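Visitor: Questions regarding the structure given below will be posed in turn.
Nothing in this text is a laboratory measurement; each read-out follows from the coordinates by a stated rule. All values derive from a computational prediction rather than experimental measurement. Cβ sites come from the backbone with ideal geometry, for glycine too, and all protein chains shown count toward neighbours.
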Amino acid sequence: MRHEFAALSHIHLQPGKTFEHPTEPPDFVHWNSPAVEVMTDFRIVHPITIPPDVSIDTALEKMKQAGVRLLLVVNEQQVIIGVITARDIQGERPVKLVQETRIPHSAIHADAIMTPQPEIIGLNMISVRNAVVGHIVETLRQLERQHVLVLEIDDVTKSQTVRGLFSTSQIRRQLGEKVLADIVPAHSLAEMQHEIR
């Protein structure tokens, strides 16, 4: 079997050569810049994931360490069963759960407050390729969300792959403006208190 293959020709590395780097998003964008310039592309950046039985305190700590505000919740087969955000953890959901069940805050698992898979919405990558930053900002504003996934859909099978993510914090950082600070209104006392901090 091994003798069926021919060896490839080889060359010597020239002096002073560097190596290829993944394309970095631009530091600053404008409202009319291509939307993909503010998208976290999972072909370049690995998404941060957690299993559903992780405590929300551990999940929040993982977010802080990774510098993100959303985690994908996956099962043992790495299938996405939900998403959880810093807002979920620091908002009203855990407070209500403690009041209703009397379990301690430290015992709440991610799957108890995550947004479950059937409720997750995303943007089609085809639409994203033709969009600009302003379109994404307005979409997030209308959805009243700080994050939205980007889905790539196979033309033949119609199967979806999560290709990436838009985040208001990243868009705000790259726009260099605080225009998105109030993109998601605080709907509860707990969320308003968190916004004030």
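Visitor: Can you give me the long-range amide H partners of S33? Hydrogens built in the peptide plane at 1.01 Å from N, cutoff under 5 Å, separation of 5 or more residues or another chain.
Guide: For S33, the qualifying residues are V133, G134.
Visitor: I would also like to ask the following. Answer with a single label: of (i) 17.6; (ii) 14.6; (iii) 10.4, which was calculated as mean projected area of the Cα convex hull in nm² from the structure in view?
Guide: Matching the structure shown: (i).
Visitor: Quick one: Karplus J couplings for region 143-150, per residue in order, coefficients 6.51, -1.76, 1.60, θ = phi - 60°, nearest Hz, x for Gly and Pro?
Guide: 6, 6, 10, 9, 9, 8, 7, 10
Visitor: Right, another one. Would you work out the Kirkwood radius for region 101-166? I mean one over the mean of 1/r across all pairs of different Cα atoms, in Å.
Guide: 14.1 Å
Visitor: Based on the Cβ-Cβ distance of R43 and S169, what FRET efficiency does E = 1/(1 + (r/R0)^6) give at R0 = 22 Å, to the nearest 0.05?
Guide: Plugging the Cβ-Cβ distance into 1/(1 + (r/R0)^6) gives 0.60.
Visitor: Just going by the charge dipole of region 29-182, with Lys and Arg at +1 and Asp and Glu at -1 on Cβ, which of I121, V137, L97 is farthest out on the positive end?
Guide: Checked the options; the winner is V137.
Visitor: List, in order, the whole-Hz ³J(HN,Hα) value for each residue of region 77-84 obtained from phi through the Karplus relation with A = 6.51, B = -1.76, C = 1.60 and θ = phi - 60°; use x for Gly and Pro.
Guide: Rounded to whole hertz, the list is 8, 6, 8, 6, 10, x, 9, 9.
Visitor: Okay, moving on. Arranged by the count of other C-beta atoms within 10 angstrom, fewest first, what order do S159, S55 take?
Guide: If I rank by nearby Cβ atoms, fewest first, I get S159, S55.
Visitor: Considering only DSSP beta bridges where both residues belong to region 1-112, give the percentage that are antiparallel (nearest 5).
Guide: Around 75 percent of the beta bridges assigned by DSSP in region 1-112 are antiparallel ones.
Visitor: Could you run the Karplus curve 6.51 cos²θ - 1.76 cosθ + 1.60 with θ = phi - 60° over region 123-131 and give me ³J(HN,Hα) per residue in whole Hz, x for Gly and Pro?
Guide: Karplus values, whole Hz, x for Gly and Pro: 9, 6, 4, 4, 5, 5, 4, 9, 9.
Visitor: Near the amide H of L123, under 5 Å away, which other amide H atoms are found, from residues 5 or more places off or on another chain, if H is placed in the peptide plane?
Guide: The answer is L149, V150, L151.
Visitor: Let me check against my output: what whole-number percent is the relative contact order of region 29-182, with C-alpha pairs under 8 Å and at least 6 apart?
Guide: This gives 28 percent for region 29-182.
Visitor: Hey, with R₀ at 30 Å, roughly what FRET efficiency would Q14 and R129 work out to, going by the Cβ-Cβ distance, to 0.05?
Guide: The calculated FRET efficiency here is 0.25.
Visitor: Treating the beta-carbon of each Lys and Arg as +1 and of each Asp and Glu as -1, no other charges, what is the dipole magnitude of region 29-182 about its Cα centre, to the nearest 20 debye?
Guide: 340 debye
Visitor: Give me, ordered by chain and number, the residues 5 or more places off V83 or on other chains with an amide H under 5 Å from its own placed amide H.
Guide: V73, T115
Visitor: So which trypsin sites (Lys or Arg not before Pro) in region 12-116 pass both tests, a DSSP loop state and at most 11 other Cβ atoms within 10 Å of the Cβ?
Guide: Here the trypsin sites (Lys or Arg not before Pro) that fit, given the DSSP loop and packing criteria, are K17, R43, R102.
Visitor: Looking at region 29-182, what % of its DSSP beta bridges pair antiparallel, to the nearest 5?
Guide: Around 80 percent antiparallel, to the nearest 5.
Visitor: Additional query: What FRET efficiency would be calculated for the residue pair N75, H30, taking the C-beta separation as r and a Förster radius of 41 Å, to the nearest 0.05?
Guide: After rounding, the FRET efficiency stands at 0.55.
Visitor: Related question: Just how far, in whole angstrom, is region 25-51 from region 110-162 if you go by their alpha carbon centroids?
Guide: Here the two parts' Cα centres lie 13 Å apart.
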